[in-house]
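One structure is given here, and the rest of the page talks about it.
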Amino acid sequence: MERVVQFTGPRQVEVAEHESAPLPTGHLRVRTRFSGISAGTELTAYRGTNPYLTRTWDAGSRLFREGAAGIEYPVAGWGYSEVGEVTEVSPELVSSPGMPAVGDLVWGIWGHRSEGVVPAARMTGHTLPAGLEPLAGAFARVGAIAYNAILAADLHLGEDVAVFGQGVIGLLTTRLAQLSGARVTAVDAIDARLTTAVAYGARHTLNARTDDVATRIRETTGGAGADVAIEISGAHPALHEALRSVTTGGRVVASGFYQGDGAGLRLGDEFHHNRVQLISSQIGGVPPQLSGRWTVERLQRTFLSLVAEGQVDVTSLVSHVVPVADAADAYELLDQRPADALQIVLEF
């Protein structure tokens, strides 16, 4: 039997059981060990705010269309940070170059389910690097999101960057920005996360609730403002403060998943008067100017290589490893008490 985590309605979670499907041609079967919960994207479906629940994405025109929902409850098997053991390989794939073999530990995307039946094309080269503990493999996708924001920021040695939001992806962004040679100011409303940000390379920290963030950033940059700000919390007021914090002609990378109307975002203020560049970063693709050299696959593989080399620590970000039977408790914790958790991982 296969176990699948699903949302049956807003803030309603259950673990359903289904018969395991036969393995189709061209696929692998993977027994899940760990599956990381996204505190951003997944909570939009958990809370009922995801745009796909009320509109349809038209891939041809690349527009959302009103009038019909793209997805409906139950929303089953969300999740994009899985690691597991290959248990079956379609016979014609055996010994194919780069193809994982039975018994290999692999990372990929197959959702919060006890086993994944995954197209082989998506798993080529996805064997965990030697010496990397399995739990770390659950960070390939979130690490790629942070890495993508760094590429979009176009950072240079010695520049000042403010990273808004110090959850899991924000902390990884802080570390990658520091590795890129930037001087990082970390911004969050939770003091414990700011303390962790220092360990991840932040030179300065600011509390979004108690500090005048834009003024303080200008004080530490000789009055100019940050060269770049990366907003990764998905909160409109944080995006507004990021726009206030950069220098004239500075760049803001919007990497959060913003929900609803933009309350607190005033584009007629500093954004307009300081001619700020606003760049969208989304893991469906890399910055256009880098598309000849970088892909999402390269982002993920390179990030895991950095982890394997000891340049980025991910396992210390895991605050809770939760048996899949208790998945509802995990989502409630992230929803109601975000200060008490960082990365929650479901264990199968």
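The values are calculated or read from the model by the stated rules, or taken from the named source; none is laboratory data. Worth saying up front: this structure is predicted, and the values here are computed from it rather than measured. Cβ sites come from the backbone with ideal geometry, for glycine too, and all protein chains shown count toward neighbours. What goes into the accessible areas is simple: the full protein's heavy atoms, side chains included, and nothing from ligands, DNA or RNA. Shrake-Rupley method; radii C 1.70, N 1.55, O 1.52, S 1.80 Å.
Residues in segment 238-263 that are open to solvent by 40 Å² or more (accessible area, probe 1.4 Å), without any contact (Cβ under 8 Å) to a residue 40 or more places away in the chain and in a loop (DSSP other than H, G, I, E, B): TYR258, ASP261, ALA263.
Of note, GLY67 satisfies the criterion of being touching a Ser or Thr at 6+ places or on another chain (Cβ under 9 Å), among the small types (Gly, Ala, Ser) and either without any contact (Cβ under 8 Å) to a residue 40 or more places away in the chain or surrounded by fewer than 17 Cβ atoms within 10 Å (Cβ to Cβ) (or both).
Scanning segment 81-96 for residues that are surrounded by fewer than 21 Cβ atoms within 10 Å (Cβ to Cβ) and touching a residue at least 12 places away in the same chain (Cβ under 8 Å) turns up GLU85, THR87, GLU88, SER90, GLU92, LEU93, SER96. Hey, does segment 105-118 have a residue that's among the aromatic types (Phe, Trp, Tyr) and over 28 Å from MET1 (Cα atoms)? No: zero hits.
Given the condition open to solvent by 50 Å² or more (accessible area, probe 1.4 Å), in contact with a Leu (Cβ under 6 Å, 6 or more places away or on another chain) and assigned to a strand (DSSP E or B), answer yes or no: does some residue in segment 22-37 qualify? For segment 22-37, residues open to solvent by 50 Å² or more (accessible area, probe 1.4 Å), in contact with a Leu (Cβ under 6 Å, 6 or more places away or on another chain) and assigned to a strand (DSSP E or B): absent. Considering only residues that are within 20 Å of TRP110 (Cβ to Cβ) and part of a loop (DSSP other than H, G, I, E, B), look in segment 1-21 and name the one that is most open to solvent (accessible area, probe 1.4 Å). Going through the qualifying residues, I end up with GLU19.
Among the residues of segment 105-117, just one is open to solvent by 50 Å² or more (accessible area, probe 1.4 Å), in contact with a strand residue (DSSP E or B) (Cβ under 6 Å, 6 or more places away or on another chain) and either over 24 Å from ALA45 (Cα atoms) or aliphatic (A, V, I, L, M) (or both), namely VAL117. Scanning segment 45-83 for residues being part of a loop (DSSP other than H, G, I, E, B), within 18 Å of the chain's Cα centre (by Cα) and within 16 Å of GLY260 (Cβ to Cβ) gives a total of 2.
Residue-wise test of (1) over 18 Å from ALA21 (Cβ atoms); (2) at pLDDT below 95.
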{"position": "TYR46", "(1), (2)": "yes, no"}
{"position": "PRO51", "(1), (2)": "yes, yes"}
{"position": "PHE64", "(1), (2)": "yes, yes"}
{"position": "GLY70", "(1), (2)": "yes, yes"}
{"position": "VAL83", "(1), (2)": "yes, no"}
{"position": "VAL86", "(1), (2)": "no, no"}
{"position": "SER95", "(1), (2)": "yes, yes"}
{"position": "PRO100", "(1), (2)": "yes, yes"}
{"position": "LEU105", "(1), (2)": "yes, no"}
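For segment 272-321, the set of residues classified as surrounded by 18 or more Cβ atoms within 10 Å (Cβ to Cβ) and either modelled with pLDDT under 95 or among the β-branched types (Val, Ile, Thr) (or both) consists of VAL276, ILE283, VAL286, VAL307, VAL312, VAL314, VAL318, listed by residue number. Beta carbons closer than 6 Å, at least 6 apart along the sequence or on distinct chains, pair a first residue in segment 25-52 that is farther than 14 Å from GLY77 by Cα and in contact (Cβ under 8 Å) with a residue 24 or more places away in the chain with a second that is of a type in the set (Asp, Glu) and surrounded by fewer than 19 Cβ atoms within 10 Å (Cβ to Cβ) for ARG29/GLU88; ARG31/GLU85. Looking for something closer than 19 Å to HIS156 by Cα, within 22 Å of the chain's Cα centre (by Cα), of a type outside the set (D, E, K, R) and not in a loop (DSSP other than H, G, I, E, B) - is there at least one such residue anywhere in segment 268-277? No, segment 268-277 has no match at all. Taken across segment 212-232, residues that are crowded, with 24+ Cβ neighbours inside 10 Å, outside any helix (DSSP H, G or I) and polar (S, T, N, Q) do not occur at all.
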